[in-house]
Amino acid sequence: MQGLMMDYQLTLDRILEHAYRMFPHKQISTKLPDGSMHRYTYAQFYGRVKRLANVLRSLDVQTGDRVGTFAWNNYQHLELYYAAPGCSAVCHTLNIRLSPDQLAWIINHAEDKVVFVDGTLLPLFERIAPHLRTVQHYVLFNAERGLETKLPNVLFYEELMAEAGEAFDWTVTDERTAMGLCYTSGTTGDPKGVLYSHRSMFLHTYGENQASALGLIEEDVVMPVVPMFHAMAWGLPYSCTMAGADIVFPGSHMNAAALADLIAEEKVSVAAGVPTIWNALYHELKSNPRDVSHVRSLVVGGAAMPRALIEGYEKELGVNVVHAWGMTEMSPLGTVSKLQRHHRDLPDHEKWDIKARQGYPIAGVEMRIVNLEGEELPWDGATMGELQVRGPWIAKGYYKVESNRDAITADGWFRTGDVVTISPDGYMYITDRTKDLVKSGGEWISSVALENTLMAHPRVMEAAVIAIPDENWGERPLAVVVPTKDAGELSEDELRAHLAQHFARFQIPDRFLIIAEIPKTSVGKFDKKVLRHRHAKGELV
Ligand code: AMP
């Protein structure tokens, strides 16, 4: 027997309508290229999204067509996040930090019909455009008419918006319609596209806004620092509006000092970004304090947040850190590490141990760990295995990829490639990526654990550990360390002695290289592939 409930389609225009009806006066603020602030209300935003939907129609964007975005985090980008799905098209966010070759490959693979380009990024994009096969129009914002450009068929966003009407009826009738496309950074092989649906993103938004997850509320002022081209800015463009929170976009002003100013001036209560950004912010705030008293959650994900940094934020700056884990393929939120009631009386250092884990699954995400034979392993906090997940906002395959057998198990679970333990109370801890584990003399060494401990040393700014081939042991860990600015001489012996307090002898790297900066991926994670490559070429000695 079937239930007797309405067949209400979970489409994103419903979130926008709710936001418009309930929170018309709430603010969306963007730091513009010239450093001034652009501010408007949800009501104005709503009107412009409708105009933009009309603009898309006038450019012949039809159901299912891909609309590329090449932009910083700003209000125009948010308008595209709603207008493209609102007229049944797909918002395809392009990672501005990829190489021109990679971007051309991705845009041709996605067959984008129109690309919206942030004027501040024009020189970058001009190098890609000659290689694009399907794009019919380029639309520029943050750009003055009369601007010289090599792009063909250029149109100007504000001119199109001025001509368009504000009446538009949302066109999506089936919640399974595709709404967003994001390619993963692709550490091996070609980049892979993850194609979200209205339903998956709607449910993700509910999931993210559970109180035990990010739990955004109307009172919040949320600053998404995570780029809108990285896993849909972790769903914040939808969860903020669903909650009715004020939104603050940093635009192109992504350095630590500018972010610290914004947090203080805009009274930000929730900010979200990767650990490298929060590491830089921490050092900025230490040397040049600002008022961060309004921050109730500093959300961090995308890579492991070093425990020492969590402790530093909480103990020295009074900022609550919320560690989260997810993947582009998971829309992206999977787990959150908040404390529960039974942790209440623990000493602080044990609380930080828990917060340094990736956390418990949010309702809607199922997890299991398996060994190499695919057998399920216990949640005992010690047994390591590959993490697999399933749920309504997790990809079942990649865009235009026929065989997804490497990604999806025969019984329908997504293989994350993360090696983890799960405690009996459900807190997951990432020991490594499958490909980053160091196998030395038949024993596994976690590069993440070594990095975390190295970064807890007061004079270490960044640390990465890679596996290097070794005749005797198969592989050995090599540590690459960036000292803090005022560290002075940092010796191998000192680092070795520091690690010896926590690790067995065989786990301690044989060598420690001091370098100026750890290479980062396009989304700000340590790029160990580049380090391995440099080592193989004899450049890391
Ligand atoms: P991406 O799709 O680019 O966000 O990459 C997803 C991968 O980033 C995951 O499979 C993890 O390996 C890593 N990752 C994301 N969040 C965390 C975290 N909080 N701690 C450690 N690794 C993370």
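Numbers for the structure displayed
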| read-out | value |
| --- | --- |
| Angle between the chain longest axis and helix 75-86 axis [Cα atoms, degrees, rounded to 10] | 70 degrees |
| Region 213-324: relative contact order in percent, alpha carbon pairs under 8 Å with at least 6 residues between | 24 percent |
| Around Glu163: net Lys/Arg minus Asp/Glu count, Cβ-Cβ under 15 Å | +2 |
| Length gained when the stretch Ile515-His349 is fully extended (0.36 nm per residue, less Cα-Cα span) | 56.7 nm |
| Ratio of the Cα radius of gyration of the chain to 2.2 N^0.38 Å, where N counts its residues | 0.97 |
| Exposure rule at most 16 other beta-carbon atoms within 10 Å, DSSP loop GluC sites (Glu not before Pro): the chain longest free segment | 220-372 |
| Neighbour-count ranking [beta-carbon atoms within 10 angstrom, fewest first] of Lys529, Lys113, Lys338 | Lys529, Lys338, Lys113 |
| Computed over region 467-523, the ratio Rg/Rh where both radii use C-alpha atoms and Rh is Kirkwood | 1.02 |
| Trypsin sites (Lys or Arg not before Pro) within region 372-456, DSSP loop, no more than 13 other Cβ atoms inside 10 Å | Lys396, Lys400, Arg405, Lys435 |
| Residues whose placed amide H lies under 5 Å from that of Arg511, excluding near-sequence neighbours | Ala479 |
| Calculated from backbone phi, Karplus (6.51, -1.76, 1.60) coupling profile of region 292-298 in Hz, x at Gly/Pro | 10, 5, 7, 6, 9, 9, 9 |
| Exposure proxy order (Cβ contacts within 10 Å, fewest to most) of Phe45, Phe23 | Phe23, Phe45 |
| Region 329-338 - phi-based ³J(HN,Hα) in whole Hz, Karplus 6.51/-1.76/1.60, Gly and Pro as x | 5, 10, 6, x, 6, x, 9, 9, 10, 9 |
| Relative contact order %, the chain, counting alpha carbon pairs below 8 Å whose residues are six or more apart | 10 percent |
| For the chain, calculated [θ]222 nm from helices alone, where every DSSP H run of n ≥ 4 adds -39500 (n - 2.57) | -8000 deg cm²/dmol |
| Amide H contacts of Arg433 (H built 1.01 Å from N, under 5 Å, at least 5 apart or other chain) | Val419 |
| Nitroxide proxy distance, nm - points 7 Å out along Cα→Cβ at Phe506 and Arg21 | 6.4 nm |
| Proxy reagent accessibility, fewest Cβ within 10 Å first, across Asp436, Asp7 | Asp7, Asp436 |
| Built amide H within the under 5 Å cut-off of Gln358, gap 5+ | Met428, Tyr429, Ile430 |
| Phi to ³J(HN,Hα) by Karplus 6.51 cos²θ - 1.76 cosθ + 1.60 over region 380-389, Hz, x for Gly, Pro | 10, x, 10, 6, 9, x, 7, 7, 10, 9 |
| Entries of Lys192/Lys439; Lys315/Lys520; Lys396/Lys435; Lys192/Lys529; Lys435/Lys528; Lys439/Lys529 with Cα pairs more than 20 Å apart | Lys192/Lys439; Lys315/Lys520; Lys396/Lys435 |
| Cβ-defined net charge surrounding Gly391, 15 Å radius [Lys, Arg +1; Asp, Glu -1] | +1 |
| Two-site FRET efficiency, His38 against Asp7, from Cβ-Cβ distance with R₀ of 41 Å, rounded to 0.05 | 0.55 |
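A short reminder: the numbers here are calculations on the coordinates, not readings from a lab. None of the values given here were measured: they were computed from a predicted structure. Cβ: placed from backbone, ideal geometry, glycine included. Neighbour counts: every protein chain shown.
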